[in-house]
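The values are calculated or read from the model by the stated rules, or taken from the named source; none is laboratory data. It should be emphasised that the depicted structure is a prediction, and the values quoted were computed from it without experimental measurement. Cβ sites come from the backbone with ideal geometry, for glycine too, and all protein chains shown count toward neighbours. Quick note on the areas: whole protein, heavy atoms, side chains included, nothing else; ligands and nucleic acids left out. Shrake-Rupley method; radii C 1.70, N 1.55, O 1.52, S 1.80 Å.
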Amino acid sequence: MSTSTHSALLARIVDDLAEHGWSLQPLFAPPLLTLELADECRKRAAQGDLTPAGVGRGSSQEVREGVRGDRIQWLDAGFSPACDRYLGLLDELRLALNRELYLGLEDCECHFALYPPGAFYQKHVDRFRDDDRRAVSAVFYLNPDWQPEQGGALRLYLADGTTREVLPEAGSLLVFRSADLPHEVLPASRERLSLTGWFRRRGGIL
Ligand code: OGA
Ligand code: MN
């Protein structure tokens, strides 16, 4: 992807977020990088590195399969060249959001997520009751040739009362304001992989 194409993409995300509170980009990363990340997610899952995701944070965190059935692994810098490249792309987006929208985003936390067939995540918002640092959510999908009849859409509940369903197709990035848009993950008939991240503001625990 050339630098100018990438800047145009960042500008579209910034504009969408300012105007609508969310943005969907079908080609956020080069296809080869997306493939590498999907392979890495599958390999890590096969090694048993992904563990059932909790709900809530800190000591109030608990695994409740009735709420969310995905398995996750948090990413750290230096995990792999592919992860570092992806984190680099996210950081460019963070800087663009700060520059254009003055969001004051300090960092990004990000995890691999694998939803086995039939798993879902009930309607929620991406903000904890006792911590308002998460400002912008960014979900990057890793599943080639996703078909609508396979389910697994992310259903967004928009401010105007309508809903929008986003298929988890490889290469697409969905960005939205964490506190504003309730959403849910619908069950799928096939395994569903993603890299989910949150840009966080300074400040902290309420
Ligand atoms: C989440 C989430 C959406 C998705 O992890 O909080 O809403 O499409 N994920 O995976
Ligand atoms: Mn969410």
**Complete:** For region 131-163, the count of residues that are more than 29 Å from residue 203 (Cα to Cα) and touching a residue at least 60 places away in the same chain (Cβ under 8 Å) equals 3
**Message:** For region 136-160, give me each residue that is away from ligand 1 (no atom under 13 Å from the Cβ), at pLDDT 95 or above and either exposed (fewer than 15 other Cβ atoms within 10 Å of the Cβ) or within 13 Å of the chain's Cα centre (by Cα) (or both).
**Reply:** 144, 145, 147, 148, 149
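For residue 119, indicate whether it is surrounded by 14 or more Cβ atoms within 10 Å (Cβ to Cβ) and either under 17 Å from the mean Cα position of the chain (by Cα) or assigned to a loop (DSSP other than H, G, I, E, B) (or both). Walk me through how you get there before you give the answer.
Values: surrounded by 14 or more Cβ atoms within 10 Å (Cβ to Cβ): yes; either under 17 Å from the mean Cα position of the chain (by Cα) or assigned to a loop (DSSP other than H, G, I, E, B) (or both): yes.
Answer is yes for this residue.
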**Asked** Residues in region 68-115 that are closer than 25 Å to residue 47 by Cβ and outside any helix (DSSP H, G or I): how many?
**Response** 21
**Residue list for region 65-112, restricted to those being touching a helix residue (DSSP H, G or I) at 6+ places or on another chain (Cβ under 6 Å), open to solvent by less than 20 Å² (accessible area, probe 1.4 Å) and within 16 Å of ligand 2 (Cβ to nearest atom)** = 112
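With the structure loaded, tell me whether residue 195 is open to solvent by less than 60 Å² (accessible area, probe 1.4 Å), farther than 22 Å from residue 35 by Cα, touching a Leu at 6+ places or on another chain (Cβ under 8 Å) and aliphatic (A, V, I, L, M) or whether it fails that test.
Details: open to solvent by less than 60 Å² (accessible area, probe 1.4 Å): yes; farther than 22 Å from residue 35 by Cα: no; touching a Leu at 6+ places or on another chain (Cβ under 8 Å): yes; aliphatic (A, V, I, L, M): yes.
No: the conditions fail for residue 195.
Given the options 131, 180, 126, name the one that is more than 13 Å from ligand 2 (Cβ to nearest atom) and either at pLDDT below 95 or open to solvent by 10 Å² or more (accessible area, probe 1.4 Å) (or both). Full working, then the answer.
Working: 180 fails: more than 13 Å from ligand 2 (Cβ to nearest atom); 126 fails: more than 13 Å from ligand 2 (Cβ to nearest atom).
Step by step, each of 131, 180, 126 is checked, and only 131 is more than 13 Å from ligand 2 (Cβ to nearest atom) and either at pLDDT below 95 or open to solvent by 10 Å² or more (accessible area, probe 1.4 Å) (or both).
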